[in-house]
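Written out below as structure tokens is the structure these notes cover.
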Ligand code: BV8
């Protein structure tokens, strides 16, 4: 059975990572959409760097929860028949042991140089315009996909949605595209679709089944029902 799982901020909530909706979509009074854009970075790199420095600092104080652990186990059982796609830029899926994680919106602990294109692991707070370890240009930016930018590995995701027998969404409000459109695509290609979320989301109506509750309970329960 080929399974595609999409996760959002809700799967990391019980680990203590604030969701976007929790903070009313605001950061220090900025609408997230205004901080997480290339225009904002152009206009005020220090504000944007501070936004990500704060989230990086917070990440070291949290751990994966039973929902991350259950998906790691599912990855061990299903192997390549599972594609785990996350909108999250935290590393909690990897720390839970998920064999492969597709970060469609990038990673908090990575950076890329806008001068030479090199991708590197983030080496600590480096101020407003960090120098690239390769070309030394002051052009290192967070390796995250900002609003208006194309998400990563869209071809691989769409190919998996076409092949999927089951599409499961965990902890996402279905407010941000193209991720919010995956359920309709998967369904159009014949997949069964299941939503696991604390509350109904903007996309709930597209799912065959929608279960409400905390991911830390719903995900281990669902994984146990699928792979025993
Ligand atoms: C693009 C990285 C072209 C950075 C992020 C008008 C209509 C439609 C689309 C658009 C439009 N205007 C503009 C767009 C496009 C735009 C968009 O969708 N805007 C929205 C605001 C309308 N999208 C883009 O710009 C994207 N790029 O479109 O390029 C393209 C498209 C297709 C193919 C090629 C090219 C790029 C978007 C990516 C932006 N970067 N993150 C960073 O993290 O700082 S988005 C960011 O916000 C997250 O990654 C995530 O995607 C989104 C937040 O959503 P969630 O993860 O769902 O979190 P949220 O807080 O909203 O909800 C949490 C949910 O969990 C809730 O439902 C809650 O009930 C639940 N929950 C809470 N606790 C628990 C729980 N569930 C279970 N257990 C719990 N304990």
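Three principal axis extents of the chain based on alpha-carbon atoms, in descending order, are 50, 33, 31 Å. Only helices enter the 222 nm calculation for the chain: every DSSP H run of n ≥ 4 contributes -39,500 (n - 2.57), and dividing by all residues gives -9000 deg cm²/dmol, rounded to 500. The simple Förster model, with R0 at 22 Å and r as the Cβ-Cβ distance, assigns residue 76 and residue 225 a FRET efficiency of 0.85.
Three semi-axes describe the equivalent ellipsoid of segment 98-182; taken as square roots of 5 times the Cα gyration tensor eigenvalues and ordered largest first, they are 30, 13, 12 Å. I need to check one value: relative contact order of the chain, counting alpha carbon pairs closer than 8 Å and at least 6 residues apart, in percent. Once normalised by length, the contact order is 23 percent. Start at zero, step by 10 Å, and the Cα-Cα distances of segment 1-109 spread as 14, 43, 28, 13, 2 percent across the bins. I'd like the distance between the alpha-carbon centres of segment 82-106 and segment 114-184, rounded to an integer number of Å. About 11 Å separates the Cα centre of segment 82-106 from the one of segment 114-184.
Taking Cα atoms only, the orientation of helix 215-227 departs from the longest principal axis of the chain by about 50 degrees.
Between the helical axis of 45-59 and the dominant principal axis of the chain, each derived from Cα atoms, what acute angle in degrees is found, rounded to the nearest 10? So the inclination is approximately 50 degrees. By the count of other C-beta atoms within 10 Å, a proxy for reagent exposure, 182, 147, 51 are ordered fewest to most as 147, 51, 182.
Throughout, read-outs are computed from the coordinates displayed, never taken from laboratory work. Just so we're clear, the structure is a prediction, and the values are computed from it rather than from any experiment. Glycine gets a Cβ as well: all are built from the backbone with ideal geometry, and neighbour counts include every protein chain shown.
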